[in-house]
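This report concerns only the one structure given below.
Computed from the coordinates by the stated procedures, all read-outs in this text should not be read as laboratory data. In this text the structure is predicted, and so the values were computed from the model without any measurement. Because the Cβ atoms are built from the backbone with ideal geometry, glycine has one as well, and the counts that use them run over all protein chains shown.
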């Protein structure tokens, strides 16, 4: 007999909390082991109960959902599903912060206009999915005995063989589950200004994608914005350009094009769609990087970039929250180099160095 999935529900609204617990109780594979109304209680109950998954609201009394998420992920990492509202910009930004701190996924609270049972089925399926994901310790919130941040030492990355020396013109990156934290670490490792255009596709549940580029723009020294139809790709050197919500990002004749063609692997925007167009447009001068994520989106596109002579990188299994998309790319032969998350940013800096030197002349 399979063990039940033990769930801790964190929600300050009694009405919403009762509804979440009632929905979870309808599935025999799930067991609600605790329910609390504030972030401080969430930490205490998570430490005592060690649940398989936590559903976490962001706007909580005493301690916010973000504060609780940061503490839990620093001290006793537990898969966290953010269940929050997307209507408030401040709450959206806290949700992004929670994802960057190690929360696995996000689901919007029920709005009351959904068809009977639709939200409830999605909630149960997402809780089950999140419970199976291996999570890692995030040290940024760990506190010392006097409440002062400890300086956490990170193991030095093993030296990788040198990359082939050539001039590159563009970087394309794709990510899904675990992507917010991964892209943040990569961008913070890049020099400012970075000499190449950086294109980025992230799978994030609607409607939470709406302000992600704006949030990411404020986190690093690299400007971030959503792509606009018809803009010149070359004019975005030194910037990160993201595929906007619910649109594929395609490069054609040196310009960005946004399409509403059918989803691929249930994803729109699709990493495959971006990578394939990058392979066609830039061939051997392209760098494509596939990060942590569930499913297989991006694997075929990465192979196309490699076949076109571009350089392809996949995040390694050890540092991936979900080694799904990178694994598919490796199995298809699309990966030239597997790197840890801490190695990817420095590697991109090295690969862009010839263009940096050219611009300085």
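Just a few scattered comments:
- Take the Cα of residue 188, step 7 Å toward its Cβ, do the same at residue 111, and the gap between the two points is 3.3 nm.
- Separation of the residue 40 and residue 331 label points, Cα + 7 Å toward Cβ, nm: 4.9
- Pairs of Cα atoms nearer than 8 Å and 6+ residues apart set the relative contact order; for the range 170-360 it is 23 percent.
- Global size of the chain: 20.8, 69 Å for Rg and Dmax (C-alpha atoms, Rg to one decimal, Dmax whole).
- Alpha-carbon spread of the range 5-141, three principal axes, descending order, Å: 41, 33, 24
- The chain - mean residue ellipticity at 222 nm from DSSP helices (-39,500 (n - 2.57) per run, n ≥ 4, rounded to 500): -10500 deg cm²/dmol
- Neighbour counts of other Cβ atoms within 10 Å put 163, 123 in the fewest-to-most order 163, 123.
- log10 of Debye I(q)/I(0), alpha-carbon scatterers only, for the range 213-271 at 0.16, 0.22 Å⁻¹: -0.52, -0.88
- Förster-model FRET efficiency, 22 Å R0, residue 234 and residue 263, C-beta, rounded to 0.05: 0.15
- Across the chain, Cα pairs under 8 Å and at least six residues apart give a relative contact order of 13 percent.
- Sorting 82, 118, 271 from the fewest to the most surrounding beta carbons within 10 angstrom yields 118, 82, 271.
- Taking each residue as 0.36 nm, the span from residue 31 to residue 63 lengthens on full extension beyond its C-alpha to C-alpha distance by 9.0 nm.
- The P(r) of the range 170-360 has a tail past 29 Å containing 10 percent of all C-alpha pairs.
- Relative to one another, the C-alpha centroids of the range 1-49 and the range 315-341 are positioned 33 Å apart.
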